[in-house]
Amino acid sequence: MAWGALFCACSLLGCLLGEEICIYSSTHQFPRQLAANHGVIVVTQSPPDLTKSKGQMVTMDCNLGTVTDSAAWWYKQVPGGIPQFVLFFYHPNSAPTYGSGFSSPKFTSKHTSKSDYSLIINDVEVGDSAVYYCTVER
C-alpha cells in the first residue's frame, strides 16, 4: 500500500489539534496453496477508511471469502513502520488472542459467521491512526 495515496477526510483544525483519528483498512488478495491445487484467497475489508473523534468506537469488517475454518488475524501498521500483530479470533473460541501491547477492552473482535469478523477499537485516540490489515492463515 502506498502511503502517499491515503487521504484523511478530517477538518484541518481537527487534524492539527489531533482531535480526529484516521483509520484505514486494506483489501487484498493472498495467493495460497489450497488443498491439492493453487488458488487465491480474497480477503475483503470495509469500510476502506474512517475518520473518528477521540473517544469514539471504530468497527472494521473482514470477510474471509471462501475460507470458513480459519481465524481472522488483524495487524496495525503506521507509516514507515512494520505491521504489529493486534489479535486473532477464531469463531469457536469465546475471546480473541492478543499480540503484545494490545488487550481488551480497548481492542476486541466478534464474528457474525464463519467467514465474517470485525475488529473493534474502543475509545480511539490519535495513536490508533494506522492502516489495519485483516489476514487469514491456512
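The values are calculated or read from the model by the stated rules, or taken from the named source; none is laboratory data. This is a predicted model, so every value here is computed, not measured. Cβ atoms come from the backbone with ideal geometry, glycine included; neighbour counts cover every protein chain shown.
For N122, the conditions (1) more than 23 Å from T51 (Cα to Cα); (2) at pLDDT 90 or above; (3) not aromatic (F, W, Y) all hold with the exception of (1).
Filtered by the rule that a residue be assigned to a strand (DSSP E or B), out of contact with any Phe, Trp or Tyr (no Cβ under 6 Å at 6 or more places or on another chain) and under 20 Å from V67 (Cβ atoms), region 90-116 gives K110, D116. Set side by side, the residues P48, P105 differ, and just one is modelled with pLDDT of 90 or more and surrounded by fewer than 14 Cβ atoms within 10 Å (Cβ to Cβ), which is P105. If you go through region 52-95 and pick out every residue that is under 16 Å from E137 (Cβ atoms), among the polar types (S, T, N, Q) and without any contact (Cβ under 8 Å) to a residue 24 or more places away in the chain, you end up with 1.
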